[in-house]
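A quick write-up on the structure given underneath.
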Amino acid sequence: MTVELRRLIVGVDGSPNSLAAVEWVAGLARLVGAEVTAVHALGLLERFDADPPVPVEGHGDEIRRRFEDVWTAPLNDLPVPARREMRYGRPADVLLGLGEEHDVDLVVVGTRGLGGAGLLLGSTSAEVAQRCRRPVVVVPFSSAGP
């Protein structure tokens with residue numbers, strides 16, 4: 001069996017764990033020449049770092065700026081296509097749906113996001129790993145750095 005990685009997708013929420021996932025997927029994309037789609041799911045509230053959540057409505061430009069310029073910065077200089085998509089919905093549903101829509105070969109998530117739920121894995125990464133019909137990589141994060 002031959003495995004070919006042509007299209008990768010990575011979930012991004014601005015957390016240190018998702019930055020580790022973006023850095024990992026950027027390295028993999030460089031290595032295998034695969035295109036990358038970074039995905040950020042929008043809900044009613046958005047969390048910036050450790051700050052209290054703010055309503056998405058009225059903060060769309062700031063969210064998009066952070067997503068494109070900060071949270072996905074490791075994708076900027078890739079020699080392959082790198083897209084960024086923001087969609088409304090539950091993070092796991094958005095990531096799984098776009099994975100199917102783009103017919104990706106690999107789904108990449110960080111261990112835990114800004115939601116803070118879960119012990120070893122966050123609720124989104126655990127749900128993606130359980131429900132996804134495609135291979136999933138859960139990228140670990142260390143406080144010493146990715």
Item to check | Cα centroid separation, the stretch 2-72 to the stretch 75-89 (Å) | outcome: 8
Checklist entry - Relative contact order of the chain: what whole-number percent is it, with Cα pairs under 8 angstrom and at least 6 residues apart? => result 32
Checklist entry - Accessible area per residue, 1.4 Å probe, Å², for the chain: what's the number? => result 54
Item to check | Angstrom value of the Kirkwood radius, inverse mean 1/r, which spans all Cα pairs in the stretch 44-109 | outcome: 13.6
Checklist outcome for this item: Applying the span-like rule to the chain (DSSP H, Cα extent along axis at least 20 Å, Kyte-Doolittle mean at least 0.5) gives 16-32
Checklist outcome for this item: Share of accessible surface on carbon and sulfur in the stretch 1-84, whole %, 1.4 Å probe and ligands ignored, is 53
Checklist entry - Hey, any idea what Rg/Rh is for the chain, computing Rh the Kirkwood way over Cα pairs? => result 0.94
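The values are calculated or read from the model by the stated rules, or taken from the named source; none is laboratory data. What you see is a predicted model, and the numbers here were worked out from it, not measured in a lab. When the accessible area is computed, the model is the full protein with side chains, heavy atoms only, and any ligands, DNA or RNA have been set aside. Shrake-Rupley method; radii C 1.70, N 1.55, O 1.52, S 1.80 Å.
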